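The next block holds one structure in the form of C-alpha coordinates; read it before the comments.
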(Lines give C-alpha, C1' and ligand atoms only; values in the text may rest on other atoms or scores of the structure.)
Protein backbone atom coordinates (compact mmCIF):
# COMPACT_ATOMS: atom_id res chain seq x y z
CA UNK A 1 0.00 0.00 0.00
CA UNK A 2 1.29 3.44 -0.85
CA UNK A 3 0.48 4.69 2.66
CA UNK A 4 3.50 2.81 3.99
CA UNK A 5 6.12 4.11 1.56
CA UNK A 6 8.86 6.29 2.99
CA UNK A 7 7.79 6.09 6.62
CA UNK A 8 11.03 5.29 8.41
CA UNK A 9 10.45 3.93 11.91
CA UNK A 10 6.79 3.34 11.08
CA UNK A 11 5.00 1.90 14.10
CA UNK A 12 7.52 3.20 16.62
CA UNK A 13 9.64 1.13 18.96
CA UNK A 14 12.73 -0.86 18.23
CA UNK A 15 12.33 -4.33 16.75
CA UNK A 16 14.47 -7.11 18.12
CA UNK A 17 17.13 -8.61 15.90
CA UNK A 18 15.61 -10.47 12.96
CA UNK A 19 16.44 -14.13 12.52
CA UNK A 20 16.74 -15.50 8.98
CA UNK A 21 16.91 -19.30 8.75
CA UNK A 22 16.67 -19.94 5.01
CA UNK A 23 12.99 -20.01 4.00
CA UNK A 24 11.86 -18.75 7.41
CA UNK A 25 12.20 -15.31 8.99
CA UNK A 26 11.48 -14.41 12.63
CA UNK A 27 10.76 -10.83 13.73
CA UNK A 28 10.36 -9.64 17.34
CA UNK A 29 8.52 -6.39 18.13
CA UNK A 30 8.82 -4.51 21.41
CA UNK A 31 7.27 -2.27 22.63
CA UNK A 32 3.76 -2.96 21.38
CA UNK A 33 2.70 -1.20 18.16
CA UNK A 34 -0.30 -1.30 15.81
CA UNK A 35 1.90 -1.23 12.69
CA UNK A 36 4.88 -3.47 12.02
CA UNK A 37 7.15 -3.09 8.98
CA UNK A 38 9.09 -6.29 8.32
CA UNK A 39 12.00 -6.40 5.84
CA UNK A 40 12.25 -10.19 5.57
CA UNK A 41 14.49 -10.54 2.45
CA UNK A 42 12.91 -13.89 1.53
CA UNK A 43 12.68 -12.78 -2.11
CA UNK A 44 9.04 -13.91 -2.27
CA UNK A 45 6.14 -11.47 -2.18
CA UNK A 46 3.30 -13.56 -0.74
CA UNK A 47 4.89 -15.05 2.36
CA UNK A 48 2.89 -16.89 5.00
CA UNK A 49 2.60 -14.82 8.19
CA UNK A 50 1.99 -16.10 11.71
CA UNK A 51 1.93 -13.75 14.73
CA UNK A 52 2.05 -14.72 18.40
CA UNK A 53 1.83 -12.09 21.13
CA UNK A 54 3.95 -12.14 24.29
CA UNK A 55 1.19 -14.07 26.11
CA UNK A 56 1.34 -16.90 23.55
CA UNK A 57 -1.91 -15.99 21.75
CA UNK A 58 -2.22 -16.10 17.98
CA UNK A 59 -3.01 -12.64 16.59
CA UNK A 60 -4.30 -12.03 13.06
CA UNK A 61 -3.17 -8.76 11.43
CA UNK A 62 -4.04 -7.23 8.08
CA UNK A 63 -1.03 -8.04 5.89
CA UNK A 64 0.13 -5.71 3.11
CA UNK A 65 2.61 -7.45 0.79
CA UNK A 66 4.66 -4.39 -0.14
CA UNK A 67 7.20 -6.21 -2.33
CA UNK A 68 9.19 -9.46 -2.51
CA UNK A 69 11.23 -8.52 0.56
CA UNK A 70 8.85 -6.57 2.80
CA UNK A 71 5.51 -7.14 4.52
CA UNK A 72 3.61 -4.54 6.56
CA UNK A 73 1.37 -5.83 9.35
CA UNK A 74 -1.48 -3.74 10.77
CA UNK A 75 -3.23 -4.73 14.01
CA UNK A 76 -6.50 -3.45 15.50
CA UNK A 77 -4.72 -2.76 18.81
CA UNK A 78 -1.01 -2.48 19.68
CA UNK A 79 0.73 -5.87 19.83
CA UNK A 80 4.08 -6.93 21.29
CA UNK A 81 5.30 -10.30 20.12
CA UNK A 82 6.80 -12.35 17.32
CA UNK A 83 6.01 -12.72 13.64
CA UNK A 84 7.19 -15.77 11.71
CA UNK A 85 7.26 -15.47 7.93
CA UNK A 86 7.73 -18.41 5.58
CA UNK A 87 8.16 -18.77 1.82
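For the range 53-75, name all the residues that are outside any strand (DSSP E or B) and crowded, with 16+ Cβ neighbours inside 10 Å.
Residues of the range 53-75 outside any strand (DSSP E or B): 54-57, 60-61, 68-69.
Within the range 53-75, 61 is the sole residue that qualifies.
Quick check: is even one residue across the range 10-24 surrounded by 13 or more Cβ atoms within 10 Å (Cβ to Cβ), modelled with pLDDT of 95 or more, in contact with a strand residue (DSSP E or B) (Cβ under 8 Å, 6 or more places away or on another chain) and not in a strand (DSSP E or B)?
No, every residue in the range 10-24 fails to be surrounded by 13 or more Cβ atoms within 10 Å (Cβ to Cβ), modelled with pLDDT of 95 or more, in contact with a strand residue (DSSP E or B) (Cβ under 8 Å, 6 or more places away or on another chain) and not in a strand (DSSP E or B).
What number of residues in the range 37-52 are assigned to a loop (DSSP other than H, G, I, E, B) and more than 13 Å from residue 27 (Cβ to Cβ)?
4
The values are calculated or read from the model by the stated rules, or taken from the named source; none is laboratory data. Predicted, not measured: the structure shown is a model, and the values here were computed from it. Note that we place each Cβ from the backbone using ideal geometry, even for glycine, and neighbour counts take in every protein chain shown.
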